[in-house]
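Take a look at the structure set out below.
The values are calculated or read from the model by the stated rules, or taken from the named source; none is laboratory data. Just so it is clear, the structure is predicted and the values come from calculations on it, not from any experiment. Methodologically, a virtual Cβ is constructed for each residue, glycine included, from the backbone with ideal geometry; neighbour enumeration extends over all protein chains shown. Calculation scope for accessible area: heavy atoms of the full protein, side chains included, ligands and nucleic acids excluded. Shrake-Rupley method; radii C 1.70, N 1.55, O 1.52, S 1.80 Å.
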Amino acid sequence: MIQELKELVLNSKKIALISHLNPDGDAIGSQIAFYLALKKMGKNPYLINKTKEISPKYDFLEAFSKIRDTLPANCDLVISFDAGSFERLGIEKGDFKLINIDHHRSNKAYGDINIIEPDYASTGSIVYEIIDALGVKIDRSVAQALYLALAEDTNFFSDETTDERVFQLAYELVKLGASPLVVSQNLLQRDSLAKLRLDALFIDKISLKKDARVAIGYVDEEMLEKTGAHLHETAHLADLMLSLATVRVAIYYIFMPDGRVKFSLRGKGGIDISNIAIKYGGGGHPGSAGFTIERAHLEDVLENILNEVSV
């Protein structure tokens, strides 16, 4: 598959690199690392994400400012990163070849070429091997983007995917110039006052179920308006609930501007919540997954999740 990818890249005239809607560090880091690698190969790719408001905490990465929200016309090759389904890209199908690079086991294999490695801790880990196989030298900027992808998707080396291979890759990336300090400062120490105010409102609304082993919390339009917080400043709230000592499953949902409701599920202690997300058209990892539903189904879905969760 790597050889097929290489041939497509070399023979394509207009390449777009796209990550999933509401991108996290793995999506953005993988996408930018591959962009920088293709530039070294003499290509002139485009960086695309259809989200209007991407978190500025990633703006320290080289080429972040190159990301646009419109797919250029007449692309002959689109490469997607970290997106479990074509719908998560937010684009229409077109007359282009599609390479799908991801590490989610729920990936729907929607590409003409599908490079899906569920045993890898991050999509960035796959991209590292692809770039190496292409014979492109990984410099400081590429290493920084890949380190970001790895660090954020393993919850800073603390989730169930963190193993010897993860630390070996982190070591290699730091040797190549990645700065753990720069990554951690940008991801963990750039909060706005609005985000902290939203945290306070959110904490006040958390409810505990099943002998305090399940936590439920939400964010609605009024909370965002009252605090001035942005959508991208809500991504951590499911993990915030999971930090409670008794909680083994966190159920977080947010009312989206398009009228739908986005769920984020977290589990710890070996609890696999990904099958619930898959049931509702989403996906993810055993301990971290999500999906989106129509608002009218909210109460039924909440009740069903509580009935299905075994803690």
- prompt: Over the chain, what is the mean sequence separation of C-alpha contacts under 8 Å (at least six apart), divided by residue count, expressed as relative contact order in percent?
  reply: 13 percent
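For Ile271 and Lys43, compute 0.36 nm times the residue count separating them, minus their Cα-Cα distance, and round to one decimal in nm.
Working: separation 228, 0.36 × 228 = 82.08 nm, distance 4.39 nm.
Gain on extension, Ile271 to Lys43, equals 77.7 nm.
For the chain, what is the accessible area per residue in Å² when the probe is 1.4 Å? Intermediate values should be presented prior to the final figure.
Working: 14480 Å² over 311 residues.
Averaged over the residues of the chain, the accessible area is 47 Å².
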- line: Pseudo-spin-label distance Leu193 to Lys93, built 7 Å along Cα→Cβ, given in nm, is 5.0 nm
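What does the charge count around Ser125 come to, taking other residues whose C-beta lies under 10 Å from its C-beta (Lys +1, Arg +1, Asp -1, Glu -1)? Please report the intermediate quantities before stating the final value.
On the way: positive: Arg165; negative: Asp26, Glu117, Asp119, Glu129, Asp153.
Overall, the nearby charge balance is -4.
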- prompt: When Lys and Arg each count +1 and Asp and Glu each count -1, what net charge do the other residues less than 11 Å away from Ile2, Cβ to Cβ, add up to?
  reply: -3
- prompt: Could you give the nm distance between label points at Phe64 and Asn307, where each point is 7 Å from its Cα heading toward the beta carbon?
  reply: 4.5 nm
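Please compute the length gained on full extension between Phe167 and Leu10, using 0.36 nm multiplied by the number of residues separating them and subtracting their Cα-Cα distance.
Between Phe167 and Leu10, full extension yields 53.3 nm more.
Full-extension gain between Leu244 and Asp132, please, as 0.36 nm times their residue separation minus the C-alpha to C-alpha distance.
Length gained, Leu244 through Asp132: 36.2 nm.
If you keep only loop residues by DSSP, which chymotrypsin sites (Phe, Trp or Tyr not before Pro) in segment 1-73 have at most 10 other Cβ atoms within 10 Å of their Cβ?
On the way: sites: Phe34, Tyr35, Tyr46, Tyr58, Phe60, Phe64; in loops: Phe60.
Nothing satisfies the criteria.
Volume per residue, Å³, of the convex hull around the alpha-carbon atoms of segment 178-311? Kindly include the intermediate steps, with their values, before the conclusion.
Working: hull volume 17.1 nm³, N = 134.
Measuring per residue, one finds 128 Å³ for the Cα hull of segment 178-311.
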Amide hydrogen neighbours beyond the local backbone of Lys14, cut-off 5 Å, H modeled: Asp76, Leu77
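In the neighborhood of Arg248, defined by Cβ-to-Cβ distances under 13 Å, what is the net charge if each Lys or Arg adds +1 and each Asp or Glu adds -1? Don't skip to the answer; put the middle values down first.
On the way: positive: Lys209, Lys210, Arg213, Arg266, Lys268; negative: Asp211, Asp272.
Neighbour charge sum, excluding Arg248 itself: +3.
Mean residue ellipticity at 222 nm from the helices of the chain, using -39,500 (n - 2.57) per DSSP H segment of n ≥ 4 over the full residue count, to the nearest 500 deg cm²/dmol?
-11000 deg cm²/dmol
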statement: Output for segment 185-268: trypsin sites (Lys or Arg not before Pro) sitting in coil per DSSP, at most 12 other Cβ within 10 Å, listed by number, reads none
field: Within segment 80-155, GluC sites (Glu not before Pro) in DSSP loop having at most 13 other beta-carbon neighbours inside 10 Å
entry: Glu92
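Convex hull over the Cα atoms of the chain, averaged projected area in nm²? List each step's numbers first, then the result.
Working: hull surface 61.1 nm².
Result: 15.3 nm².
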